[in-house]
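See structure below.
Just so it is clear, none of the values below were taken in a lab; they were calculated from the coordinates. Quick caveat: nothing in here was measured; it's all calculated off a predicted structure. No Cβ is skipped: glycine too gets one built from the backbone with ideal geometry, and neighbour counts run over all protein chains shown.
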Amino acid sequence: TGVLPEKLEAAGFVIKGKSSYYDRFRNRLMFPILDVRGRIVSFGGRSLDGHEPKYLNGPETALYTKGRHLFGLAQAKDAMVKAKTAVVVEGYFDAVVLSDGGIAQAVSPLGTALTMEQARLLKRYAETVILAFDPDAAGEQATLRGIDLLVEAGLHVRVAQLPRGADPDECLRALGRERF
């Protein structure tokens, strides 16, 4: 309360309809998107009712450009340095579940494709990147594009081969940390 609707619209929380404003992230589980220093720069939401897109990021603003951030990096960077390895997954939920399951160096791009800026961010904290994208057509394409970018950034790249139809969070739950 006390925040003008125009300010909420500029920040990306609401969208102006024909007669009023409505919540951009309705029916979504919300995730804060942090910069590398741990400051909130945007929010993302995962669909709870099957509506597409599955993941929805806030709009780009003066503080937030999706290709310049990695979801979970503020929390994962120390583990990445210690392990010299980053694990890159597709979505927020995968990153959170992997981190909770003992794979603390898990992060996610804010969209399906990694950018060179994200590859450079990873290079600051890790020597090796394990790509663990979903084993579907979009995940396979993102993996192929990601390999080239990460190698160009000077990183060693490994690809996790997940069972067809199983997301990383499902694999971790089914297989356990060591087997995953």
Practice task
Just report the Cα centroid separation between the stretch 101-180 and the stretch 6-55, whole Å.
Solution key: 25 Å
Exercise for the section: Would you mind checking the tilt of helix 73-83 against the longest principal axis of the Cα atoms of the chain, expressed as 0 to 90 degrees and rounded to 10? Expected result: 10 degrees
Handout entry: Calculated [θ] (222 nm, deg cm²/dmol) that DSSP helices of n ≥ 4 give over the chain, each run adding -39,500 (n - 2.57)
Key = -10000 deg cm²/dmol
Handout entry: Point-to-point label distance, GLN141-LYS123, nm (Cα→Cβ direction, 7 Å offset)
Key = 2.6 nm
Practice task
Lys and Arg at +1, Asp and Glu at -1: add these up for the other residues within a Cβ distance under 11 Å of THR115 and post the number.
Solution key: +3
Problem - Net length gained if the chain between ASP23 and ARG39 were fully extended (0.36 nm per residue, minus Cα distance) - result: 3.5 nm
Exercise for the section: Mind pulling the angle between the C-alpha long axis of helix 137-152 and the longest principal axis of the chain? Nearest 10 degrees, somewhere in 0 to 90. Expected result: 70 degrees
Problem - Three-way shape label, the stretch 45-180, alpha-carbon gyration tensor, a/c 1.5 - result: rounded
Exercise for the section: Run the quick spin-label model on ASP78 and ALA10: label points 7 Å from Cα toward the beta carbon, then report their separation in nm to one decimal. Expected result: 3.6 nm
Fill in the blank from the handout: When the chain is treated as a Gaussian network with springs between alpha carbons less than 10 Å apart, the largest mean-square fluctuation among LYS123, LYS77, LYS54 is found at LYS54
Completion exercise
Toy charge model, Lys and Arg Cβ at +1, Asp and Glu Cβ at -1: the stretch 43-136 dipole around Cα centroid in debye, rounded to 20, equals 500 debye
Problem - For the chain: lysine pairs under 24 Å (alpha-carbon distance), excluding those fewer than 8 apart on one chain - result: 11
Fill in the blank from the handout: With label points set 7 Å from each Cα along the Cα-to-Cβ direction at GLU52 and ALA166, the distance between them in nm comes to 2.7 nm
Practice task
Would you please give the residues with an amide H less than 5 Å from that of GLU90, counting only those at least 5 places away or on a separate chain, with H modeled from the backbone geometry?
Solution key: ASP134
Problem - Karplus-derived 3J(HN,Hα), 6.51/-1.76/1.60, for each residue of the stretch 114-125, Hz, glycine and proline x - result: 5, 10, 5, 5, 5, 4, 5, 4, 4, 4, 5, 10
